[in-house]
1. Give region B:98-121 a look and list any residue that's of a type in the set (A, V, I, L, M) and more than 19 Å from B:PRO267 (Cβ to Cβ), or say none.
2. Can you confirm whether A:LYS164 is closer than 22 Å to A:THR345 by Cβ, assigned by TED's automatic domain parsing to the domain that holds A:GLU293 and surrounded by fewer than 18 Cβ atoms within 10 Å (Cβ to Cβ)?
3. Out of B:SER43, B:SER58, B:SER49, which single residue is polar (S, T, N, Q) and farther than 24 Å from A:ASN377 by Cβ?
4. Of the residues A:PRO165, A:PRO215, which is touching a residue at least 24 places away in the same chain (Cβ under 8 Å), in contact with a His (Cβ under 9 Å, 6 or more places away or on another chain) and more than 12 Å from every other protein chain (Cβ to nearest Cβ)?
5. Has region A:103-116 got any residue that is of a type outside the set (Gly, Ala, Ser), over 30 Å from A:GLY414 (Cα atoms) and touching a Leu at 6+ places or on another chain (Cβ under 6 Å)?
6. Any residue at all in region B:204-213 that's within 19 Å of the chain's Cα centre (by Cα) and either crowded, with 22+ Cβ neighbours inside 10 Å or not in a loop (DSSP other than H, G, I, E, B) (or both)?
7. Being outside any helix (DSSP H, G or I) and in the same structural domain as A:ASP185 (by TED's automatic domain parsing) narrows it down to one of A:LEU324, A:LEU368, A:LEU350, A:LEU346, so name that one.
8. Any residue at all in region A:426-442 that's among the aliphatic types (A, V, I, L, M), closer than 21 Å to A:ARG398 by Cβ and over 25 Å from the mean Cα position of the chain (by Cα)?
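The values are calculated or read from the model by the stated rules, or taken from the named source; none is laboratory data. Because the structure is predicted, anything quoted here is derived from the model rather than measured. FYI the Cβ positions are ideal-geometry reconstructions off the backbone, even for glycines, and counts take in every protein chain you see.
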Protein chains: 2
Amino acid sequence: MYLDFKFADDRPAYIQVKDYMKRLMTTGALQADQKLPSTRELSVLLRVSRNTVLSAYSDLEDEGYIYAVKGQGHFVVPSVSGVSVQREGKRLDWAPHLNDYARLAEENDLMKHGIRAEKGAISFTSIAPDEKLFDLQNVKRAFLDRMSLEGEVLLNYGYAKGYKPLIDYLLRYMENKGVNIQGKDLLITSGFTEALSLVLSTLNQGHGRILCENPTHHTAIKNFKMHGYDITGVEMEPDGISLTGLARELSKRPYDLAYLVPSYHNPTGIVMSHQKRLEALRLLNEYQIPVIEDGFNEELRYSGSHIAPLVACAGGENNSVIYLGSFSKILFPGLRVGWVLADKTLIHYLESVKRARSIHTSTLDQSLLYQYLYNGNFEKYLKRAKAEYKRKYELAIRCCEEWIPMERLSGDGGLHLFVEFGPDFRTRELLAACSAQGVVFTPGDIFHTDGGGHHTMRLGFSRVSDENIEKGIRIIGETARKLLN
Amino acid sequence: MYLDFKFADDRPAYIQVKDYMKRLMTTGALQADQKLPSTRELSVLLRVSRNTVLSAYSDLEDEGYIYAVKGQGHFVVPSVSGVSVQREGKRLDWAPHLNDYARLAEENDLMKHGIRAEKGAISFTSIAPDEKLFDLQNVKRAFLDRMSLEGEVLLNYGYAKGYKPLIDYLLRYMENKGVNIQGKDLLITSGFTEALSLVLSTLNQGHGRILCENPTHHTAIKNFKMHGYDITGVEMEPDGISLTGLARELSKRPYDLAYLVPSYHNPTGIVMSHQKRLEALRLLNEYQIPVIEDGFNEELRYSGSHIAPLVACAGGENNSVIYLGSFSKILFPGLRVGWVLADKTLIHYLESVKRARSIHTSTLDQSLLYQYLYNGNFEKYLKRAKAEYKRKYELAIRCCEEWIPMERLSGDGGLHLFVEFGPDFRTRELLAACSAQGVVFTPGDIFHTDGGGHHTMRLGFSRVSDENIEKGIRIIGETARKLLN
């Protein structure tokens with residue numbers, strides 16, 4: 001005993017001694033009513049100062065782990081000793097206690113069952129931002145600015161709807177995208193994903209069917225499945241969802257809900273044209289179907305005119321678009337902040353669901369983001385990030401065109417490209433062959449709602465160096481050629 | 001036009017000009033292909049420098065809102081102008097699209113339908129920490145320490161399970177409470193509430209029935225209802241849940257789940273005795289019922305021996321306790337960090353559900369909390385906070401005993417007391433009468449699972465000054481006496 005005490009230089013010593021002694025007691029190494037070493041003895045045994053031991057014993061007594069007897073020293077409180085090792089108990093089999101919602105979450109968990117890149121591999125699987133672009137100085141400043149202004153407020157409870165200055169900022173932000181916010185309201189969430197989950201948990205399932213683009217965002221497919229929806233995917237065209245396909249499905253059977261990713265669509269990278277947005281909205285509004293709009297990467301435009309989001313295009317009385325926004329893919333994913341902009345009535349209920357499920361989104365994240373945006377850092381960051389991503393985007397396109405024997409390449413901006421081979425090609429086979437050479441990507445089948453897409457793949461380039469973009473795509477292309485022969 | 005431009009001194013000017021111009025375009029004040037004022041004209045109209053306008057126009061062009069014609073100036077991109085005001089659309093009635101889960105969240109939302117305190121009122125409704133105790137300097141230091149070490153990592157995506165240093169810290173923390181962590185694992189959540197919601201969403205409902213103490217935590221009752229559980233509350237005794245009551249209910253019908261708050265129980269403030277913990281666990285384990293343990297305020301002990309949590313008392317093979325922990329009520333509620341410590345199998349699935357629902361908890365919150373704990377700030381803070389709360393706790397007890405014509409007072413520590421009047425008393429009436437005198441509290445009925453508790457109330461004292469504790473409780477007591485006569 002006392003020989004295994006490990007001392008860390010950068011933590012208060014008395015806490016380390018206290019924690020160590022607690023372990024000796026709770027594991028039963030020190031027993032009920034056993035006398036502890038005197039403070040002098042322990043200080044020698046653990047090679048710490050006697051004052052350190054005095055502080056530790058004082059705390060232990062204060063926390064009810066030990067008791068003092070005058071003139072005799074300190075003793076172990078009986079209920080503390082060996083607390084976890086004494087009794088009997090039967091093992092519970094957890095398997096029958098797990099429901100389908102949890103099983104589907106696990107089955108569709110790409111972190112558990114997806115593509116793993118070996119260390120040192122060239123990985124095109126990520127579409128997260130490149131952290132080398134992060135302007136940490138401005139983030140620190142935003143934090144300190146806000147803490148100085150209202151630190152106490154930030155650290156105590158906030159509101160389920162969100163941090164007021166950020167809500168107001170985002171309402172203006174959406175107005176600047178052309179949204180008429182009359183009759184609408186805004187709820188801050190812990191990122192896009194929580195926003196989607198809250199909306200799906202709140203909306204009624206009359207028919208149990210949801211409409212979306214095919215292919216579409218994997219996280220969305222996963223959540224639709226977890227909520228028990230039948231998913232109908234409508235085919236994509238170079239300027240977005242097929243309107244004939246959409247009209248066909250709408251006329252065939254009733255739907256509860258539609259989910260669309262109009263800008264830099266995941267995984268195809270396609271931007272839906274303005275005209276198509278108007279027409280798709282007209283159709284969905286005619287059938288009175290609520291539309292979830294995923295505002296994913298809307299900001300990562302490298303060229304062309306501004307195209308207003310669906311929620312801005314829904315004119316007149318049309319209050320059916322639920323816009324989900326986030327800066328995660330552009331700014332800092334570690335800050336879990338997203339938002340829902342939608343009809344007031346819906347937000348009223350979403351707010352209560354949010355409160356019931358997580359009270360509110362981290363106020364630090366919200367206030368830091370607000371201050372960062374307000375200081376004008378986002379504009380500057382975006383300019384820098386866009387220049388960098390645009391270069392990589394153009395490089396990746398050139399490399400794909402030069403090396404990959406593909407049928408089609410799409411991607412109008414954003415952080416990824418989408419490659420289609422001939423119909424008989426299997427990108428899972430390509431992946432296996434490339435992976436052996438240290439290159440991985442995301443096979444397109446996981447984005448498909450109908451079991452298709454085996455001949456497609458997504459290439460995320462945001463976190464790959466220029467050199468590796470060239471090298472990786474060349475390996476993919478050469479390997480694909482071999483497979484084709 | 002241009003007269004309503006409002007300039008804020010603390011934001012970059014070019015961003016303000018840019019945003020202002022966007023609004024003029026999207027609202028249709030500036031029309032498709034309309035010529036914008038020259039940079040010189042606009043600088044005069046808005047009283048900003050010409051360089052500011054040049055930057056704004058350059059950005060607007062870059063973002064695709066305007067286009068330049070050589071020698072002629074800048075013009076509005078047609079798809080931008082009046083984007084939200086031109087089209088027709090039918091109104092959607094949201095009411096039929098909302099489900100019971102959302103309706104129950106709204107109905108049971110205390111922020112929407114609970115007690116409102118007028119400004120200046122003495123409010124005993126809160127059990128949040130007193131922000132005057134927050135040590136902002138140490139919080140800032142913890143943030144800067146961590147940002148300097150690994151800022152880029154903190155701001156990019158983290159893991160659903162949580163921030164590794166914090167997970168390891170909390171595992172040690174739980175071991176120090178006597179928990180045997182073999183076969184267990186830990187998931188970080190956005191506070192206790194998300195932890196509870198995740199667990200309820202993951203567990204199978206075979207019988208649709210849950211067991212808990214009566215009264216119990218309102219947020220828990222709300223979430224049980226939202227998940228469609230029939231709730232059976234077992235009566236409380238001065239040392240915790242009635243064991244005869246528990247045995248009676250267990251033998252009567254099958255349950256899916258139990259929920260217990262063994263320490264500083266909300267709302268009664270009762271601490272379950274060590275012996276009772278062992279016996280309750282034995283009973284529940286015999287029936288093989290998973291137990292959610294709410295580790296609420298466990299740290300806010302003011303006297304007595306350390307009492308190990310249920311998860312530590314569950315010895316041998318008993319893997320059925322799901323411990324939900326949080327520092328929110330003691331430390332900083334604004335940091336949304338809680339955790340689940342439970343059997344590895346369950347955590348494996350909870351991790352996937354967490355990922356599907358919100359990807360991960362704010363890394364900033366987690367890393368800041370970790371560094372704050374590691375630096376030893378929590379220990380110091382807790383000592384200070386406990387001294388302060390203990391004084392208020394003792395004062396509140398003295399005042400209740402002096403003024404309130406009650407039948408029973410409970411509260412062994414923590415941030416609130418629980419008062420029971422005679423069975424015919426109505427605390428809702430008392431509340432109405434006190435509220436008129438500027439004093440509010442939480443009527444106990446909202447914590448009851450069986451519609452009872454109309455003669456009880458909870459008094460949260462953490463955010464009330466000493467002076468107002470005395471004044472408020474005297475008013476409550478005097479008003480109660482009048483009602484009794």
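1. Listed by number, the residues that qualify are B:LEU98, B:ALA102, B:LEU104, B:ALA105, B:ALA121.
2. Judged against the criteria, A:LYS164 is a match.
3. One residue alone meets the criteria, B:SER43.
4. A:PRO215
5. no
6. No, there is no match, as no residue in region B:204-213 is within 19 Å of the chain's Cα centre (by Cα) and either crowded, with 22+ Cβ neighbours inside 10 Å or not in a loop (DSSP other than H, G, I, E, B) (or both).
7. After applying the criteria, what remains is A:LEU324.
8. Scanning region A:426-442 turns up at least one residue that is among the aliphatic types (A, V, I, L, M), closer than 21 Å to A:ARG398 by Cβ and over 25 Å from the mean Cα position of the chain (by Cα).
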